[in-house]
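Participant: To start, I am sharing the structure in question, which I have written as structure tokens.
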Amino acid sequence: MGLIAAVEPNLAPFISQRAVQSALEALLYSAANPVIEPLLGLSLVDERLTDPDTPRGAHLRTYALHTLLVDVITQSYHKQRAIYGYSAVSAGAPVVALLAALAEDGRTANHELLAWSVLYARYVRVDVGLQQPELADALSSNVRSIRRYQQHGVRRLTARLTALEWETRRHQRKRRLALALPSSEPPRLFGRERELTALTDTLAQAPRHVVVTGVAGIGKTALVQVFLHRLIADDRLEGIVWLTDPPSADYVLAQVRAALLPPDAKVDVRELLALRPTTVVLDDVTALWSDVAQFDALLQALASALVYVTSTRYSPLSQSHTVLRLTEIDREAAQALVHEVAASHDAADSDDLGEILWAAVGGHPLALTLLTRQTELLPALDCIDVTQTVEPLYVSAYATLSPAERHALYSVVAMPSGLVNVSDVLSIWQSLFSPSDLTALVRSSWLIRRSVEIGLVELPQSARHYLFSRLAFDAAAQTSADALIDGLDRALHVGSRLGAAAAEHVLWTRDLPVPPALRREWLMRLWRTDAPVDALPRWRVLLERELAEADVQRAALSLMLGVALRRLGSWDEAAAALTKTIESAGRDGEFLLQGEGLAELAILDRYRGAYESALERLAKAERVAGRHKAQTLLDAITLERAQIAVELGDDAAAEARLATLADSLRVLALKAEVRVMQGDMPAAEQFVSAAYDFLPAGDYAAEARLRTILGRAYQQAGALSRAREHLQAALTRLEQSADVFGLNRARGNLAAVLIELNDLDGAGRLLRAAEPEQLVLGDAAGLTTTRHNAQIVRLRLTRRRR
């Protein structure tokens, strides 16, 4: 049984027969006021849109859905015909040929074939325009039977689409999980089957926590990666959070939460991990060992997760865990590794090279890899035991590098851990080295190819640590670091996206010595108020660390920290940071910054329902912004006033303020809510449609919120069919998001409408999926509603059976 077996049924897509029938009708004609097709949000449609052969143009999602339906019906119809030895019907077959094929179908009297026959004739061969009486004649049947066949066909098509969608989502999840690892392709291991078996055995334990220890370069990270790739291939994982050198236990919990939950969900991480089988990898935990008690508490909080810790050191922990100590690989595996490395680099592999290297360094994988490519380093290894530390080997290898190659090597240190695209490195620091310098590093095994994709390389963690340590005493290394920092600074000034990612990594790791003033300048330049939620825990650490050291620009840093904390849901801490911003900015005469702090604090007040206080702060901020003619801040204040007006039910005030603002996702969503309050549903739908142009790619939760606005409004207005379409569209998208809290609320919303439409089976299915997850999540309000509606379903089903 796979680890996801317990939750797999709840992950199945909810595709209703009504939605399928609606999509089929759209193949026949275009209505003046078409319903929203929930099937447009299927992953099957997304997959078709990524096909390079898909034609470009307007209404692509509708086109993709329609071709999907046509293909599934056609394939299923021909498969059924093949059972009877009948040939496939040509897509352009004339009417006579089509009628002859239908006559063959009718003679079988097989309900499955007849069901697909009806769907094919009506919805695929729309050019023929056969109606039900004509179909009845062709199939030697009657109109009433044709209707039954069509209903049965829709049920079968719904089941087929559900199975295809589930399979597509499984494949998408596997791709997403593989990309969450440092290398999307598993590294090649030699002689580690015993260790992989030991890791498999730990899956039956509780808790499933493993500390993998061993000297630098022994293959700890590679072992964990290979094992997780196997779990992904076997469909035994649903989420992965990989953290390299985490600075604290609090940071780990914040990062896990940000990766798995929306910030406004008041759910404990340990509750979520009990619901969703997730793996947390803490790779190279040097900082965490400084506080073993906090480390223990962290493992306790992650009790329900698969946790893999890699470390060169180990101290006893009170939480139950398995210790897996990696030692050298055996002689046979070492020789296989040497042969593989030599072959992959087109190097001469004499029969005795493996023996020579085995005698020199034993079965240390990294040492074997480096020496296979640089056998000239062997004389320098006299009496050096590299199985305990590979630093002497790195010292010798580093001495052979040219200045340009050293620049290139340090450039990879400046990039985020994991796979690095050499073209990205060259685009940032093209004046410091050439492609041939990077190729030389691959040839000498400083850089390792870890992917089938050309140009992707990885720098081992042990090499990173060694290169970083040289900066403390090597003037030439410091010169390389200074040149790289200057290059990054130039890239930031021209707005390089790649340079921004590298600069943020450099600020995070502090591997390269960035001067304090430049560090703060980079922070100001890199900060985005709309930074992805999973990046905010890192920004919190960056800003708190900088504030602890900075003696200038404290107000600006406090403002950034306050915004990050607010978006992370840490409201009390956010209020404290923003209050400091206001006080410090006022004291230093930075009044515009003070106004920004007031506006941010007003948003916190609104979150807490303190609207009067929020409006007072906004008024003060508006006066400051007006004096400084700060239009961006004025627009932000106007938008916040509009939001408050909507929440207070003042549609006129909200409409007046929104009319002065340029369109954006939030502005259009608010305009839609205003139209809903005014009962103008067609206008509300137009604003929602316009908002789609502003949706970030893949932000399914945001798309679901737009649909939910309309769905709830139509429900209140009594337009239940319309509400159902919007709420199912919202549910379809939330099924594909990480927002498990919102997903179960969406299930409840749709179930309530289905009950009113007397679709008790569909409502019961949704409520059965929602209840156990809401119980684990502690969603008391949602659980109460779910159980109430489930009781209604049970009572009505009981009456129906009587």
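The values are calculated or read from the model by the stated rules, or taken from the named source; none is laboratory data. All values derive from a computational prediction rather than experimental measurement. Glycine also receives a Cβ, built like all others from the backbone with ideal geometry; neighbour counts cover every protein chain displayed. Calculation scope for accessible area: heavy atoms of the full protein, side chains included, ligands and nucleic acids excluded. Shrake-Rupley method; radii C 1.70, N 1.55, O 1.52, S 1.80 Å.
Participant: Roughly how much of TRP242 is accessible, in Å² to the nearest 10, using a 1.4 Å probe?
Facilitator: Rounded to the nearest 10, that gives 40 Å².
Participant: Run the numbers on the stretch 401-472 and let me know its relative contact order in percent, using alpha-carbon pairs under 8 Å that are six or more apart.
Facilitator: RCO, the stretch 401-472: 33 percent.
Participant: Could you rank THR632, THR310, THR529 by how accessible they are, 1.4 Å probe, largest area first?
Facilitator: THR632, THR529, THR310
Participant: Could you work out the Kirkwood radius for the stretch 242-373, taking every pair of different alpha carbons, averaging 1/r and inverting it, reported in Å?
Facilitator: 17.6
Participant: Let me spell out the model: positive unit charges on the Cβ of Lys and Arg, negative unit charges on the Cβ of Asp and Glu, origin at the Cα centre of the stretch 665-802. What dipole size does that give, in debye rounded to 20?
Facilitator: Values: 20 positive and 15 negative charges, 154 e Å.
In debye, rounded to 20, the stretch 665-802 gives about 740.
Participant: Which cross-chain or sequence-distant (5 or more) residues have an amide H under 5 Å from the amide H of ASP235, H modelled 1.01 Å from N in plane?
Facilitator: Excluding prolines and chain starts, which carry no amide H, there are no hits.
Participant: Still on this model: Using a 1.4 angstrom probe on the protein heavy atoms only, line up GLU773, GLU185 by accessible area, largest first.
Facilitator: In descending accessible area the options line up as GLU185, GLU773.
Participant: Whole-Å semi-axes of the chain's equivalent ellipsoid, largest first, each the root of 5 times a Cα gyration tensor eigenvalue?
Facilitator: In descending order the semi-axes read 51, 39, 25 Å.
Participant: For q = 0.13 Å⁻¹, what log10 I(q)/I(0) does the stretch 137-293 give under the Debye formula with an equal point scatterer on each alpha carbon and no solvent?
Facilitator: So the normalised log intensities work out to -0.74.
Participant: Per residue, what accessible area does the stretch 625-682 have, given a 1.4 Å probe and all protein chains present, in Å²?
Facilitator: In whole numbers, the stretch 625-682 has 48 Å² accessible per residue.
Participant: Ok, one more. Quick check on packing: order 530-541, 409-420 by the mean number of other C-beta atoms within 10 Å, highest mean leading.
Facilitator: In decreasing order of mean packing, 530-541, 409-420 become 409-420, 530-541.
Participant: Could you list which residues have their amide H under 5 Å from that of VAL211, counting only those 5 or more apart in sequence or on another chain, with H placed in the peptide plane?
Facilitator: Here VAL309, THR322, VAL323, LEU324 satisfy the definition.
Participant: Could you state the orientation-averaged shadow area of the convex hull built on the Cα atoms of the stretch 617-754, in nm² to one decimal?
Facilitator: Averaging across all directions leaves 9.0 nm² for the Cα convex hull.
Participant: Karplus couplings for the stretch 736-751 from phi (6.51 cos²θ - 1.76 cosθ + 1.60, θ = phi - 60°), rounded to Hz, Gly and Pro as x?
Facilitator: Along the stretch 736-751, the couplings run 9, 9, 8, 7, 5, 5, x, 4, 6, 5, 5, 4, x, 4, 5, 4 Hz.
Participant: Let me ask another. Could you calculate the contour length gain from SER689 to ILE454, that is, 0.36 nm times the residue separation minus the distance between their Cα atoms, to one decimal place in nm?
Facilitator: Stretched fully, the SER689-ILE454 segment lengthens by 80.6 nm.
Participant: Next question, about the same structure. Beyond 28 Å, how much of the Cα-Cα pair distribution for the stretch 465-605 remains, as a whole percent?
Facilitator: Result: 24 percent of Cα pairs exceed 28 Å.
Participant: Also: How high is the relative contact order of the chain, given as a whole-number percent (alpha carbon pairs under 8 Å, six or more residues apart)?
Facilitator: 10
Participant: I'd like the accessible area for ASP489, computed on protein heavy atoms only with a 1.4 Å probe and all protein chains in place. Round to 10 Å², please.
Facilitator: The value for ASP489 is about 40 Å².
Participant: Also, I was wondering about something else. Leaving ligands and nucleic acids out of the surface, order THR278, THR375 by accessible area at 1.4 Å, largest first.
Facilitator: So the residues, ranked largest to smallest area, are THR375, THR278.
Participant: Once the whole set of protein chains is in place, how much accessible area is left on LYS620, using a 1.4 Å probe, in Å² to the nearest 10?
Facilitator: Only protein atoms counted, so the area is about 110 Å².
Participant: Between Rg and the Kirkwood Rh of the stretch 33-171, both from Cα atoms, what is the Rg to Rh ratio?
Facilitator: On the Cα set of the stretch 33-171, Rg over Rh gives 0.99.
Participant: Helix-only mean residue ellipticity at 222 nm, the chain, DSSP H runs n ≥ 4 weighted -39,500 (n - 2.57), per residue, nearest 500. What is it?
Facilitator: -20500 deg cm²/dmol
Participant: Quick check for you: which residues of the stretch 267-289 have the amide N under 19 Å from the point 7 Å beyond the Cα of TYR607 toward its beta carbon?
Facilitator: 267-269
Participant: Follow-up. Quick one: 3J(HN,Hα) in Hz for the stretch 584-595, Karplus 6.51/-1.76/1.60 with θ = phi - 60°, rounded, Gly and Pro as x.
Facilitator: 5, 5, x, 5, 8, x, 8, 6, 5, 5, 5, x
Participant: Return the sequence-ordered ³J(HN,Hα) values of the stretch 128-133 in whole Hz as given by the Karplus equation 6.51 cos²θ - 1.76 cosθ + 1.60 applied to θ = phi - 60°, using x for Gly and Pro.
Facilitator: 7, x, 6, 9, 4, x
Participant: Any idea how far the Cα center of the stretch 192-267 sits from the one of the stretch 109-143, in Å?
Facilitator: Here the answer is 54 Å between Cα centres.
Participant: Using only Cα atoms, locate the centre of the stretch 389-416 and the centre of the stretch 614-670, then give the distance between them in Å, rounded to an integer.
Facilitator: Answer, in whole Å: 54.
Participant: So what is the diffusion coefficient of the stretch 701-777 in µm² per second by Stokes-Einstein at 37 °C and 0.692 mPa s, using a Kirkwood Rh over Cα pairs? Present the calculation step by step, with values, prior to reporting the outcome.
Facilitator: Values: Rh = 12.1 Å.
The Stokes-Einstein estimate is 271 µm²/s.
Participant: To the nearest 10 degrees, how steep is helix 249-260 against the longest Cα principal axis of the chain, on a 0 to 90 scale?
Facilitator: 30
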